Amino acid sequence: MKIENCTIDDIDEIYRLYRIASAYQKSKEGVVVWPEFERKLVEDSISENRQWKITIDNKIACVWTITFSDEQIWEEKNGDAAIYIHRIATNPDFRGQNFVATIVEWSKEYAQKSNKDYIRLDTLGNNVKLIEHYKKAGFDFLGFFDLKNTEGLPDHYGKAPASLFEIKLS
């Protein structure tokens, strides 16, 4: 298993994994479905070295992106020193390997090297299984929050309250 930045050569596979994740979300009742993310959003994440991948046997097993600011979602807490994890998508050939736990361990190391105090992520709505999965991975569930301003965010953010999670680093 190897964790490294994605390259522009990975973009088709990233989108394939996003489409698979969206199809999976559609199959679950009451789950907010990811839209087709704008290509520039993903290209920018790649060019800024914020798009990551786990590879196993030279195949992309999981992807995610990070940001260092997430003002519209985290509002007043955005001033904290944090990394924000977004768009985790797993290759179905590798499902069940608990990559969220792997991402959490990697994030702890990355955050500490970057002088960050928190690791944060969000999901939308009351996705009970995903909320429990994130809690088992070490995140504190902070509750549901109606976002005040979703302008400029991907479309799905206006469809349900945000479920916010964080890990406070020592």
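The values are calculated or read from the model by the stated rules, or taken from the named source; none is laboratory data. Small disclaimer: the values here were computed from a predicted structure and weren't measured. In this analysis, Cβ positions are derived from the backbone assuming ideal geometry, glycine residues included, and neighbour counts consider all displayed protein chains. When the accessible area is computed, the model is the full protein with side chains, heavy atoms only, and any ligands, DNA or RNA have been set aside. Shrake-Rupley method; radii C 1.70, N 1.55, O 1.52, S 1.80 Å.
Cβ-Cβ distances below 9 Å connect the following pairs, each with a first residue in region 1-30 that is farther than 12 Å from GLN51 by Cα and open to solvent by 70 Å² or more (accessible area, probe 1.4 Å), a second residue that is at pLDDT 95 or above and part of a helix (DSSP H, G or I), and a separation of six or more residues or different chains: MET1/THR102; TYR24/PRO92.
Just checking: which of the helices (runs of 4 or more DSSP H) contained wholly in region 59-170 hold 2 or more residues that are among the polar types (S, T, N, Q) and closer than 30 Å to ASP9 by Cα?
Values: elements: 71-74, 99-113, 128-136.
Because the criterion is at least 2 residues that are among the polar types (S, T, N, Q) and closer than 30 Å to ASP9 by Cα, the helices (runs of 4 or more DSSP H) in region 59-170 that meet it are 99-113.
Checked against the criterion of being touching a residue at least 60 places away in the same chain (Cβ under 8 Å), open to solvent by less than 60 Å² (accessible area, probe 1.4 Å), within 14 Å of the chain's Cα centre (by Cα) and closer than 22 Å to ARG19 by Cα, region 89-98 has at least one qualifying residue. Here LYS148 meets the list (1) in contact (Cβ under 8 Å) with a residue 60 or more places away in the chain; (2) among the basic types (Lys, Arg); (3) surrounded by 12 or more Cβ atoms within 10 Å (Cβ to Cβ) almost entirely, failing just condition (3). Here region 38-53 is the region considered, the condition is being assigned to a loop (DSSP other than H, G, I, E, B) and either under 21 Å from SER107 (Cβ atoms) or touching a Cys at 6+ places or on another chain (Cβ under 6 Å) (or both), and the residue that is least open to solvent (accessible area, probe 1.4 Å) is ARG50.
Residue count for region 110-120 under the criterion of being touching a strand residue (DSSP E or B) at 6+ places or on another chain (Cβ under 6 Å) and either open to solvent by 30 Å² or more (accessible area, probe 1.4 Å) or farther than 14 Å from GLY143 by Cβ (or both): the result is 4.
What do you reckon, is ALA160 over 23 Å from ARG39 (Cβ atoms) and surrounded by 15 or more Cβ atoms within 10 Å (Cβ to Cβ)? Walk me through how you get there before you give the answer.
On the way: over 23 Å from ARG39 (Cβ atoms): yes; surrounded by 15 or more Cβ atoms within 10 Å (Cβ to Cβ): yes.
Answer is yes for this residue.
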